[in-house]
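Visitor: This structure is in structure tokens; I'll ask about it shortly.
The values are calculated or read from the model by the stated rules, or taken from the named source; none is laboratory data. Given the structure is predicted, the values throughout are model-derived calculations rather than measurements. Because the Cβ atoms are built from the backbone with ideal geometry, glycine has one as well, and the counts that use them run over all protein chains shown.
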Amino acid sequence: MQTKDKLFIGGAFVDPATDSTLEVVSPATEEVIGRTPEARPEDIDLAVSAARRAFDEGPWPRLGLTERIEVLQRFRDAYAARMRETAVLLSSEVGSPITWSTRAQAGAPIGIIDYYLKLAPGFAWEREVPGATGPISVRQEPVGVVAAIVAWNAPHFITFSKLAPALVAGCTVVLKVSPENALSSYIIAEAAAEAGLPEGVLSVLPADREPSAYLSRHPGVDKVAFTGSVGAGKAIMASAAANLARVTLELGGKSAAIILEDADLDRAIPALMPHLIPNNGQVCISMTRVLAPRTRYDEVVERLAGQFRAMVVGDPLEPATTVGPLISERQRDRVEGYIAKGLAEGARLVTGGGRPAHLDKGWYVEPTLFADVDNSMAVAQEEIFGPVVVVIPFDDEDDAVRISNDSDFGLHGSVFSDDEQRALAVAARLRTGNVAVNCGGISFNAPFGGYKKSGIGREFGPEGLQAYLETKSIYTSTPR
């Protein structure tokens with residue numbers, strides 16, 4: 001049981017404005033494991049005001065890049081020193097299996113900040129182009145005060161996808177974290193304090209939806225960076241529009257994995273499995289639609305079913321566990337509702353579909369595989385955000401592309417084939433921001449984001465840094 005009584009605002013731990021609190025509940029035990037203050041609008045006003053002063057008058061955006069990198073290196077080291085603690089705490093808050101949590105929840109944020117610290121010295125912060133009256137200096141400058149609003153499923157990964165490029169750029173940041181991750185957010189705040197980030201550069205505020213909406217429409221905010229659901233993204237975009245604040249949105253997905261008829265299933269299925277329901281299916285890039293050729297459909301379903309039945313469902317802190325609990329009872333109810341919809345629409349339940357019999361506590365759902373699914377079904381069109389995968393048959397390559405693109409989402413996808421050039425040609429036809437050929441996953445040095453309702457803008461790569469910059473052209477009248 002952990003109890004916090006302060007909020008991290010403007011670089012210091014201060015008393016909250018109200019006595020409003022948040023309880024953090026373990027999804028594995030259903031027991032309260034911590035309490036923290038909840039940031040209210042008064043706390044947000046204080047944080048935005050501190051960030052505004054720090055950006056408009058303080059040293060952070062005016063420091064030389066080398067000095068800024070030195071501070072951020074200390075921040076990185078302070079955070080990395082607590083990697084094991086972070087992994088355990090996030091497994092306890094989210095339910096992530098500890099092996100996945102160690103790599104993705106706690107390890108990946110370090111990789112993100114390392115990437116941007118390495119990118120920054122060689123980034124094109126300024127270039128010169130010819131003009132009618134003389135040379136023009138094109139400069140990249142920080143966008144200003146950033147409201148970073150992050151989802152609960154991979155909170156530190158999502159945080160650093162925004163925090164690292166924003167701070168490297170010279171922005172100041174008000175970070176709003178979900179109630180489910182209130183405890184682990186203090187690790188980020190404490191690392192920032194230990195590193196000596198200047199006053200006002202970072203605030204970390206755990207809060208629920210109402211304060212998030214308040215922050216996104218705050219007149220002191222220049223940019224909103226959000227990761228979460230499509231519905232919340234629409235609301236945040238509408239709020240930010242009142243001030244014409246810049247917006248980047250990383251939203252949901254319903255990604256398709258296309259297995260072409262020439263794929264070697266001995267290689268394709270093991271390569272695909274880690275990307276079907278990572279983090280108990282609570283990942284936006286999960287390949288939750290598997291498209292299989294009719295000529296090999298039964299074989300694909302049978303192999304996937306064997307893999308699903310072999311998964312170990314249990315305590316997320318046990319190293320052998322591959323599937324843990326869902327984040328909340330509400331989320332479990334939602335996933336079970338989709339399983340019922342699938343059955344009602346005529347999908348065939350191959351394996352799973354219920355709660356594990358050996359666990360009497362925790363918000364668990366068995367790894368669930370549906371076959372004989374039509375792409376028009378709700379389980380094929382809507383993001384379930386749980387351990388549920390559907391297998392959809394296709395007739396030929398054109399049919400596979402059509403089915404894959406027949407979605408409101410366009411975040412990720414994959415193509416499996418023994419002919420890489422053929423797979424690349426299919427990948428080029430998919431309306432999605434990211435496609436993997438004979439593999440899965442994403443990389444920090446390439447832009448990540450989605451088409452359609454999967455979002456606006458890109459994270460990672462140089463594009464991820466550019467998202468926190470404004471471009472200024474300075475004209476001169478000195479011909480050369």
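Visitor: Say we look at region 3-24 and pick out the residues that are among the polar types (S, T, N, Q) and surrounded by 14 or more Cβ atoms within 10 Å (Cβ to Cβ); which of these is nearest to residue 178 (Cα to Cα)?
Guide: Only one residue fits best here, namely 21.
Visitor: Across region 110-135, which residue is modelled with the lowest pLDDT among those that are surrounded by fewer than 16 Cβ atoms within 10 Å (Cβ to Cβ) and of a type in the set (A, V, I, L, M)?
Guide: Among those that are surrounded by fewer than 16 Cβ atoms within 10 Å (Cβ to Cβ) and of a type in the set (A, V, I, L, M), it is 132.
Visitor: Next up: Would you check which residues across region 457-480 are out of contact with any Ser or Thr (no Cβ under 6 Å at 6 or more places or on another chain), in a strand (DSSP E or B) and surrounded by 12 or more Cβ atoms within 10 Å (Cβ to Cβ) and list them?
Guide: Once the filter is applied, which keeps residues that are out of contact with any Ser or Thr (no Cβ under 6 Å at 6 or more places or on another chain), in a strand (DSSP E or B) and surrounded by 12 or more Cβ atoms within 10 Å (Cβ to Cβ), region 457-480 yields 469, 470.
Visitor: Among the residues of region 25-40, is there at least one that is more than 27 Å from residue 215 (Cα to Cα), crowded, with 21+ Cβ neighbours inside 10 Å and among the hydrophobic types (A, V, I, L, M, F, W, C)?
Guide: Checking region 25-40: at least one residue is more than 27 Å from residue 215 (Cα to Cα), crowded, with 21+ Cβ neighbours inside 10 Å and among the hydrophobic types (A, V, I, L, M, F, W, C).
Visitor: Do any strands (runs of 3 or more DSSP E) lying entirely in region 331-394 carry at least 2 residues that are surrounded by fewer than 22 Cβ atoms within 10 Å (Cβ to Cβ) and assigned by TED's automatic domain parsing to the domain that holds residue 274, and which ones are they?
Guide: 348-351
Visitor: Please give the number of the condition residue 429 fails out of (1) closer than 26 Å to residue 311 by Cβ; (2) of a type outside the set (S, T, N, Q); (3) part of a loop (DSSP other than H, G, I, E, B).
Guide: It fails just one condition, (1).
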